[in-house]
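The values are calculated or read from the model by the stated rules, or taken from the named source; none is laboratory data. Predicted model, so just to flag it, every value in this text is computed and none were measured. FYI the Cβ positions are ideal-geometry reconstructions off the backbone, even for glycines, and counts take in every protein chain you see.
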Amino acid sequence: MEQDLPKILVVDDKAHIVRMMKEYLERNGYQVVTAGNGEEALVKAREENPDLILCDEEMPGMSGAEVLKRVRSGEAAFRMVPFIAVTVHAANQEWLDKWLFEADDYLTKPFGESEIVALVQKGLGR
């Protein structure tokens, strides 16, 4: 049964955010794979073939913007995976212009369960 569920890759360096997103998504019928940083996200994306990526923008080491750049320029299988940026900067127009040029959508922190589920559904075309 689990293999039939859409697979979401959640990337954030804050463990409590990852746990919360995982709980919200699993409760709403999604399979969730997690990564705590950008490098791990790229490895998990190759191994797990997610249907959608939710990625924090500000992480130490590799930023979410760099993860997005590598996903979009990487293997053909990953170029079309919907990518939702997770940020606290959504009120900043410069940030929105930069991110939304490449990302499919964004989720503003703090967020609730209904917000994340609606964006994931939209990203998956449901």
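Residue pairs whose Cβ atoms lie under 9 Å apart, sitting 6 or more positions apart in sequence or on different chains, and linking a residue in the stretch 1-30 that is free of Cβ contacts under 8 Å to residues at least 40 places away in the same chain to a partner that is assigned to a helix (DSSP H, G or I) and loosely packed, with under 13 Cβ neighbours inside 10 Å, do not occur here. Cβ-Cβ distances below 9 Å connect the following pairs, each with a first residue in the stretch 105-125 that is part of a strand (DSSP E or B), a second residue that is acidic (Asp, Glu), and a separation of six or more residues or different chains: 106/57; 107/115; 108/115. Checking each residue in the stretch 59-73 for being in a loop (DSSP other than H, G, I, E, B), surrounded by fewer than 15 Cβ atoms within 10 Å (Cβ to Cβ) and either among the basic types (Lys, Arg) or touching a helix residue (DSSP H, G or I) at 6+ places or on another chain (Cβ under 8 Å) (or both) picks out only 61. Restricted to the stretch 74-83, and to residues there that are hydrophobic (A, V, I, L, M, F, W, C) and at pLDDT below 90, the residue that is surrounded by the most Cβ atoms within 10 Å (Cβ to Cβ) is 78.
Filter the stretch 4-32 down to the residues that are in a strand (DSSP E or B) and over 18 Å from residue 85 (Cβ atoms) and list them by number.
7, 31
Give the stretch 38-54 a look and list any residue that's crowded, with 17+ Cβ neighbours inside 10 Å and either in a loop (DSSP other than H, G, I, E, B) or not charged (D, E, K, R) (or both), or say none. The answer is 38, 41, 42, 45, 50, 51, 52, 53, 54. Answer with yes or no whether residue 20 is over 22 Å from residue 4 (Cα atoms), modelled with pLDDT of 95 or more and surrounded by 13 or more Cβ atoms within 10 Å (Cβ to Cβ). Yes; evaluated as a whole, the condition is true for this residue. Say whether the condition of being surrounded by fewer than 19 Cβ atoms within 10 Å (Cβ to Cβ), of a type in the set (Phe, Trp, Tyr) and out of contact with any Phe, Trp or Tyr (no Cβ under 8 Å at 6 or more places or on another chain) is met by at least one residue in the stretch 24-33. No: zero hits. Residues in the stretch 113-126 that are at pLDDT below 95 and either surrounded by 17 or more Cβ atoms within 10 Å (Cβ to Cβ) or closer than 19 Å to residue 26 by Cβ (or both): 1 in all.
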